[in-house]
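The values are calculated or read from the model by the stated rules, or taken from the named source; none is laboratory data. Since the structure is predicted, the reported quantities are computational estimates derived from the model, not experimental observations. Note that each Cβ is placed from the backbone with ideal geometry, even for glycine, and that neighbours are counted across all protein chains shown. Just the protein is used for accessible areas: all its heavy atoms, side chains included, with ligands, DNA and RNA removed. Shrake-Rupley method; radii C 1.70, N 1.55, O 1.52, S 1.80 Å.
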Amino acid sequence: MTERPLRTLRITPYMWAAGLEGSISPFQRGPTMHVEKSFSDVMDDLNFGGFVNVWGRYDRFVFSGDVMYVDTSDGHGSGPLPAMQIPGLGVPIPAGASVDAKVDSKQFMATLQGGYRVIDTPQFTLDALGGVRFWHISNDVTVTASHALIGSRSASHGESFGWVDPVVGLRAFVPVTEKLSLQGQADIGGFGAGSDFTWSVLGTANYVVTDRLSVSAGYKVLDVDYDSGGHVYDTRLSGPVLGATWRF
């Protein structure tokens, strides 16, 4: 991999063995649940997942795009619980009721940034970036509640919500040998415009296989703290990444 051409486009589909930790509310003003899942737990619930990164450069102007789509199903039972109202159930759930729930969740995230190469030498490059991060969360919840006062009742409810965060960041590239290089990219954002705060960090080691193909391995963290309008999505995804890059 080399940073010297004045014009380049790179497309990198990658695998992300991410674990999940945080707090979410599956529906508006519903109970907030703590979630902590290892990568194997996430894989057990996964229906589909896709990740791709796009990088472009023209002279000193640069573009960075990262897209994530994850579709999961999570079924579990909880109880007894405090009193609550679940949309579509018709009656409030009394305190002490036992609740079985299944949550089908679809998550889409896209980070789009443009920027400028502020340092450009054969030994080191540094890009300053700015842009936006789009989020869209869709949840379908099926709930069965059991209690002596209401018997057993079931209901299904679907909701979706989304927001946009401004982000600023940096990307650094260091060639180690003719074929081996190191790369790091980080950003912060949100600032109350969408989420309260969001940040991400990606570090990889890259190896050139051919003039058009390279492979990379590293680690990625994506964190977001969103709490607005009765929706809560305060999570951190983290884990190793493995990708293949095609350069055009």
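Observations, loosely collected:
- The residue list S238, S214, S195, S200 contains one member that is surrounded by 15 or more Cβ atoms within 10 Å (Cβ to Cβ), in contact (Cβ under 8 Å) with a residue 24 or more places away in the chain and not in a strand (DSSP E or B), which is S195.
- The selection criterion, being surrounded by fewer than 16 Cβ atoms within 10 Å (Cβ to Cβ) and touching a Ser or Thr at 6+ places or on another chain (Cβ under 6 Å), holds for S23.
- Scanning the range 217-235 for residues that are outside any loop (DSSP other than H, G, I, E, B), of a type outside the set (V, I, T) and either under 19 Å from Y69 (Cβ atoms) or open to solvent by less than 30 Å² (accessible area, probe 1.4 Å) (or both) yields G218, K220, L222, D223, Y226, H231, Y233.
- Cross-chain or 6+ apart pairs with Cβ under 9 Å, the range 164-189 first and farther than 18 Å from F134 by Cα and open to solvent by 30 Å² or more (accessible area, probe 1.4 Å), then at pLDDT below 95 and among the hydrophobic types (A, V, I, L, M, F, W, C): P175/M1; K179/M1; L180/M1; Q183/M1
- Entry remark, the range 43-69: residues being open to solvent by 70 Å² or more (accessible area, probe 1.4 Å) and touching a strand residue (DSSP E or B) at 6+ places or on another chain (Cβ under 8 Å) number 8 in total.
- Of the listed requirements (1) within 20 Å of M15 (Cα to Cα); (2) open to solvent by 50 Å² or more (accessible area, probe 1.4 Å), V208 misses just one: (2).
- If you go through the range 25-62 and keep only what is part of a strand (DSSP E or B) and under 30 Å from R7 (Cα atoms), you end up with G50, F51, V52, N53, V54, W55, G56, R57, Y58, F61, V62.
- Residues in the range 132-157 that are of a type outside the set (V, I, T) and modelled with pLDDT of 95 or more: R133, F134, W135, H136.
For every residue, the table says whether it meets (1) open to solvent by less than 40 Å² (accessible area, probe 1.4 Å); (2) modelled with pLDDT of 95 or more; (3) on the phi < 0 side of the Ramachandran plot.
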{"site": "A83", "(1), (2), (3)": "no, no, yes"}
{"site": "I93", "(1), (2), (3)": "yes, no, yes"}
{"site": "K102", "(1), (2), (3)": "no, no, yes"}
{"site": "M109", "(1), (2), (3)": "yes, yes, yes"}
{"site": "V118", "(1), (2), (3)": "no, yes, yes"}
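- S160 hydroxyl-bearing (S, T, Y), under 24 Å from M109 (Cβ atoms) and either at pLDDT below 95 or open to solvent by 40 Å² or more (accessible area, probe 1.4 Å) (or both): yes
- The set of residues from the range 19-33 being closer than 19 Å to E159 by Cα and of a type outside the set (S, T, Y) comprises I24, P26, F27, Q28, R29, G30, P31, M33.
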